[in-house]
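Here's the structure, in structure tokens; my notes come after.
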Amino acid sequence: MKKKYLEVALSLLFILIAVLLYGSADTVNQAVSKASTDSTSTYVNTLAIVLGLVASVELVLSILSHPTTIEFTKDPRRFFALIILLIAYVWGMEYIGFILATLLFLPVTMRMMGYRNWVKSLIISAAITLFVYLLFQVGFEILLPEPTVLEGVLS
């Protein structure tokens, strides 16, 4: 695939997102009281304008650039194995929960991507899992998937 065409398509997509974002700021004003959304509306409009400007500059640069080819992967088998691992990770979270699924997924993925030190990969995986758990479950109070496979046993 030509890099130039991908860049042009992505720039156009981000310009479209900026236009939709700018238009959505007005619906926020209509749905909620005007006093509480004036600053929110201004913020959203500013984000939309900045996104649109940056995407427009990128579009112009993409059109003026010389086409080059994008190589998505050097080893397609490894790429498709990663896709399968991601699908298994998301599917497995429903049954074994976020913590166990993540503690299994991260070291296996690191090994597949070429990281050979198992001890360090287990420590890194545990640290990432703990950080994400604390951030979402404790900090943001967002529930993470819990194991459902043991529901009948523990009840």
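Miscellaneous remarks
- Ranked Lys3, Lys74, criterion: other C-beta atoms within 10 Å, fewest first: Lys74, Lys3
- Loop-resident GluC sites (Glu not before Pro) (DSSP state other than H, G, I, E or B) in the stretch 86-155 with no more than 11 further Cβ atoms inside 10 Å of their Cβ: Glu141.
- In terms of the mean number of neighbouring beta-carbon atoms within 10 Å, the peptides 96-104, 51-59 order highest first as 96-104, 51-59.
Each value in this text was obtained by applying a stated rule to the coordinates, not by laboratory testing. All of these numbers come straight from a predicted model, not from anything done at the bench. Quick reminder, even Gly has a Cβ in these numbers, built from the backbone with ideal geometry, and neighbours come from all protein chains shown.
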